[in-house]
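Presented below is the structure to which this report refers.
Just so it is clear, none of the values below were taken in a lab; they were calculated from the coordinates. The shown structure was predicted, so the numbers you read here are calculated from the model rather than taken from an experiment. All Cβ positions, glycine included, derive from the backbone under ideal geometry; neighbour counts span all protein chains shown.
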Amino acid sequence: MKKSDLLKMWMRAACFAFVAVLVSSCANDGVDSAPPQQPGESGESGAIEEIIVTGAKVGGREQSRRAWRKKPAVVERDMSVVAAVAPRFHRNETLSLSSVAPGEELWIIARVSLEAQGTNARTDDSPGSGAMVARPYEPGHEPTDRAGLVPLPLKHTAVDASISGYISTVNVRQQFQNPFDEKIEAVYMFPLPEKAAVSEFLMIIGERRIRGILREKEEAKAIYEEARRQGYQASLLVQRRPNIFEQKVANIEPGKGIDVDIKYFHTLAYQDGWYSFVFPTVVGPRYNPPHSKDPIHAVANGERTQPGGGTAARYLRPAERSAHDISINVDINAGVTIEDVRSSHRISTSHHGAETTRVQLANHTTIPNRDFVLEFQVAGERMKSKLLTHVDPGSGQGYFTLMMYPPADFERIGRQPMEMVFVLDCSGSMRGRPLTQAKNAVRAALDHLQPEDTFQIIRFSDNASQFGRTPVAATRQNIADARGYLKLLRGTGGTHVLQGVRTALDFPHDPKRLRFVTFMTDGYIGNEAEIIEAVHSGIGDSRIFSFGVGSSVNRYLMERMAKEGRGAVAYLSPSDSARKIMASFFERISHPALTDIQIDWGGMNVADVYPARTPDVFVGRPVVITGKYLGAPDDVIVRGLRDSEQHSFRIAAGRVGQNASISKVWARLKIADLGDRQAWESDPYDELASEIRNTALEHQLMSAYTSFVAVDASRRTEGRRGTTVHQGVPVPHGVRYDTTVGKN
Amino acid sequence: MRVVLPLLLLVSAVGHAAPTESVRFSAIEVYLTTEQPVSAWQFELTEANALMQVVGVENGESPAFADAPYYDRAAVENGLADRITIADFSLADEKRLPVGKTRIATVHLLTRGDREPQLETVLVVATGYNGQAIDASISLSKSTE
């Protein structure tokens, strides 16, 4: 058989084989007209753009059959293979790896580039080579369950975290391996915590460890593309959102592997004696309202990137899975006695003294499809406010972190009348358990309302509507009616959060009541900047409490909405008790310890403080402020309103400490703040972008304008650029494929 | 100590025909020679014609320095960089520290244009197990497959 065929195949598996089905939204007109290509060189021609690898039921029978019908020329290419597979399509049988008989063949079919089809609608700038063949598993290493298994390059993610006090340092190793008979470029979109400050990047080839260089984004991309084009092994890490990153690894040779290490740190959330460490494992499928800037599309594994620019996350179909698994180890050194440890996943713990504990993810919970949440409770009746400082030895610049906890007597304050606005995301991604949980949370909150309160319920998906024309009194009848209203809500349509935000903020505020707006959403949208801008401009006297619902929430959006809304964030996973969490949440928001806060910095000359707008202090939850200072550390006085009266408390300054991480925490906060401001500030000369870039380079951090690149220039691989293979990931646990990715 | 290495063999060293691209990649091995075990070192690598961009810094051959060395941010400022400082240290036992001639790093470079870059390296410091400066010399070599 000629190698020039677009359809090139196969592996004769020793004892089993897969069937890969061509799925392509591209027309096949260009297939036969594609020029002949040689393995490893065909990327130069640009005729074949990427490889579609799939081994299971693909998008349901109808889609499979349709794809098949669209490729008559392909079918005719090699009848010996087709003969084994085609009858199943025609009999409408579901194709899966488990249904393939021994002796059958795996074939993986190349996608024709749009260039070759005479169109300029390409969205991927990385043409690849011709069709590839997956290699059989090594003897003795076959997976025990091969049903639906799709050959993909990411084998394993190893997470090793070290927690010291309130800062966590995390090393993430991504192990890529090429399961094909030609070299590939692996592309993987993955999440990191929204506060992650990515500071190190290494490409590992055997024992060789090549430290990546942080450069301006376009410069890094150009270096990577050139290295890839010339056949050098290289890797590139790009930030797509503060919590979404894209990893590219070029020229992975057949059967070989390349590892990538990403190191970041972040501060831990604290509430009521518990610290919380979160590692997200999957990017939720985003909905992009029309005209979204820089969208992130949700695309089925093997499908083409949608038109309109932006990037795409690839999702495995319900019957598909990859061999990618995850291990997580967390070493906790709390500095005080650890009283308890709990997690979203099954874990094993080993204690090494009262203050240190090692936590490991149990082996059977290693599917990376939901956030790993680890919480540990520390001893002590209550935390104390403190001021941590650090002076950079090189520049003499001082940095500080102020942690404010309300004094004990602030907890005994009266409850003020409230105007509660519940905003529910009723889009398709919330369908099922997430929406049920959100409704349960609202029902629980209704039980906490008192007669002097008012409330409103707003639902949004493609549009927004509300329970009452105006907020209604929390009477027994109104609450009963609200319960009936909740019962009727269904999850369908797009996630037009903007509609929900505007509806919730654009009506007159009752000055007699504290207005709290609680957003209950998974945050699966691609236009975060627009949402943040709408909150910023419309917040007025309201406070926003964002309530992330689901197993892999868009925590970046949740945190930013709460920050701009001077409120706080809480999370409700599918397995949590909505009633319990809402009770705790409601108790907190109905008792703010201090509002409208002003800080007297004493003799410290303070600048560049983040967050710029100080949020209210609530019982049990600290407010953390980080900034730069000159002069000597001094006592700080915090003033604010409590029961409409001015109150204050003093925080004593300690000595200048060795807290070098404060400067990077500050830099990360500054970058985040500048990024938020881009949403609403006019920036004709790109001054904000320039400031982000300079801050990132000075402090050696990833940002939207800086990327890490690493090249192994010691050896050039055979041939030129490899074929691009996108890593498909599962949709998050509890999220339906058919109402999210399947809708696109 | 100052060492100069003209990069005449950027491509031939990797066993391929010379590419026509004006952008070329090459790897430079950096060696340290000492009579005592070395626990820390720092050197500067410069290129006189501003043709060089560092695209990776790789660990050397000693297990005592298993991780990749660190670089300073001069390598990434102002686009093309003509100077980079690279350093590393080890907390390993004295017996595990390298002595004699040891490859301490490989610097991966991108160069542009047809002119041959002129690399120059200066050893800033090398220290022994007790943290005292020790006599050492530094040298460069092209990486070969």
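Shape class for region A:566-635, computed from the alpha carbon gyration tensor (a ≥ b ≥ c): prolate, with a/c not under 1.5 and a/b above b/c. Close amide H partners of B:Ser39, meaning residues 5 or more places away or on another chain with modelled amide H under 5 Å apart, are B:Thr127, B:Gly128, B:Tyr129.
Note on A:Ser690 and A:Arg513: the extension gain reaches 59.5 nm, defined as 0.36 nm multiplied by sequence separation minus the Cα-Cα distance. Between amide H atoms placed 1.01 Å from N, distances below 5 Å from A:Ser590 occur with no residue 5 or more places distant or on a separate chain. Residues whose amide H falls under 5 Å from that of A:Phe618, counting only those 5 or more places apart or on a different chain, are A:Ala593, with hydrogens built in the peptide plane. Were the residues from A:Glu339 through A:Glu218 laid out at 0.36 nm apart, the gain over their Cα-Cα distance would be 38.8 nm.
Neighbouring Cβ atoms from other chains, within 10 Å of the Cβ of residues in A:211-224, number 4 on average. In percent, rounded to a whole number, the relative contact order of region A:415-589 is 27, using alpha-carbon pairs under 8 Å and six or more apart. Placing dummy labels 7 Å off each Cα toward the beta-carbon, the span from A:Gln477 to B:Asp114 is 9.2 nm. The distance between label points at A:Ala652 and A:Asp541 comes to 3.9 nm (points 7 Å beyond Cα on the Cα→Cβ vector). Its relative contact order, with pairs defined as Cα atoms under 8 Å and 6+ residues apart, puts region B:20-142 at 46 percent. Loop-located trypsin sites (Lys or Arg not before Pro) in region A:655-744 (DSSP state not H, G, I, E or B) with no more than 11 neighbouring Cβ atoms inside 10 Å: A:Arg655. Other residues lying with their Cβ under 15 Å from the Cβ of A:Gly631 contribute a combined charge of -3, Lys and Arg counting +1, Asp and Glu -1. Between the alpha-carbon centres of region A:422-461 and region A:208-287 there is a gap of 37 Å.
Distance between the pseudo-spin-label points of A:Thr356 and B:Glu61 (7 Å out from Cα toward the beta carbon): 3.6 nm.
For region A:431-540, just say rounded, prolate or oblate: build the C-alpha gyration tensor, square-root its eigenvalues into a ≥ b ≥ c, call rounded for a/c under 1.5, and beyond that prolate if a/b exceeds b/c, oblate if not. Because a/c hits 1.5 or more and a/b fails to exceed b/c, region A:431-540 counts as oblate.
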